[in-house]
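Asks: Can you read through this structure? Questions will come right after.
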Amino acid sequence: MGNADLRALAAIEEVSFDEVGGSVAVDAHNWLYRYLTTTVKFTADGAYTTADGEEVANLIGIVQGLPKFLEHDLTPAFVFDGGVTDLKADEVAKRREAREKAEELRQAAEDRGDAVEAARLEARTQRLTDTIHETSRELLRRLDVPVIEAPAEGEAQCAYMNRVGDVDYTGSEDYDVLLFGGPRTLRKLTSSGDPELMDLEATLADLDVSYEQLVDVAMLCGTDFNEGVPGIGPKTALKAVKEHGDLFAVLEARGAEIAYAERVREFFFDPPTTDEYDLDATVDPDVAAAREYVVEEWEVPAEEVERGFERIEESLTQTGLDEWT
């Protein structure tokens, strides 16, 4: 998800949660998918499957994952993807194919009695179903966490909110946040331990390039929205852009092409975003309603989520986190 080649170029440092209090726009699909796969991998399927066969591992993930924000005085807003741009059609198809292959391998592992391998592969087959979308939003609303609907890419909306100063950070594992101009991105918010801070200005300073040139470097390597140029990795791309000035000069010098290069480039510079969101609200989760929704309505065993709900209640008392502004 995103341009992993940027890991080799981005200015990323481990930081303490004590340094990063404030507000964060969370790339909801990115965050949910990681908790979804982890829950499925390490939790018996009966814990997140209703009598009707609906899988709602996301509800366990949210209850277990949300306290990490609140316990560290970090107020989240969850930003959900809107429509998928046609530029991403190839990437979506690749991910679907990978899930289908993983499902074939999972079934084979199950048939031969390899429960460990089957569980590992089950995590790779996960997708955000309509039920997961709906129940995630409903649970977050009961917990009084802002839910924002992006017109297109969630990480682009997060980056915009961070850039205009409405939140202090973007929360995502996706390196594309840099390409959408996100100033400060917190990574590893679903992992144990402290997060990483990815800083756009520090990245540009370290590489001695402009923001536009950073996008050009990424496009030469390949992004979710375009195939890269064969044989070009991050270091070669950086050197070429600095030598020739921009993407198009590099392509001309190499006699190479990138399909829809101008459209992709412009999409990073000016993605669809919205100002229609409300962050000016007191954080006052209705834990009782949330617990009833998860345990009674969606049949998740109480023991799977009780400690998470307790941590949510405790965190609001311990940190004093009670409002956005």
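Asks: Checking the structure you have, find out if any residue of the range 207-223 is part of a loop (DSSP other than H, G, I, E, B), under 25 Å from the mean Cα position of the chain (by Cα), surrounded by 14 or more Cβ atoms within 10 Å (Cβ to Cβ) and modelled with pLDDT under 95.
Replies: yes
Asks: Applying the selection to the range 1-56, what residues are part of a strand (DSSP E or B), among the charged types (D, E, K, R) and under 21 Å from Leu200 (Cα atoms)?
Replies: Glu13, Glu14, Asp27
Asks: Scan the range 136-168 residue by residue and report those that are more than 16 Å from Phe267 (Cα to Cα) and touching a Ser or Thr at 6+ places or on another chain (Cβ under 7 Å).
Replies: Those that are more than 16 Å from Phe267 (Cα to Cα) and touching a Ser or Thr at 6+ places or on another chain (Cβ under 7 Å): Asn162, Val167, Asp168.
Asks: Could you list, ordered by first residue, the pairs with Cβ atoms under 8 Å in which the first is in the range 201-230 and of a type in the set (A, V, I, L, M, F, W, C) and the second is at pLDDT below 95 and surrounded by fewer than 16 Cβ atoms within 10 Å (Cβ to Cβ), at least 6 apart or interchain?
Replies: Every condition considered, the pairs that remain are Cys221/Gly233.
Asks: Can you confirm whether Glu243 is in a helix (DSSP H, G or I) and surrounded by fewer than 14 Cβ atoms within 10 Å (Cβ to Cβ)?
Replies: yes
Asks: With touching a helix residue (DSSP H, G or I) at 6+ places or on another chain (Cβ under 7 Å) and part of a loop (DSSP other than H, G, I, E, B) as the only criterion, which of Val229, Val264 stands out?
Replies: Every option except Val229 fails the conditions.
The values are calculated or read from the model by the stated rules, or taken from the named source; none is laboratory data. The model shown is predicted, which means the values in this text are computed figures rather than measured ones. Reconstructed Cβ throughout: ideal geometry from the backbone, glycine too, with neighbour counts over all protein chains shown.
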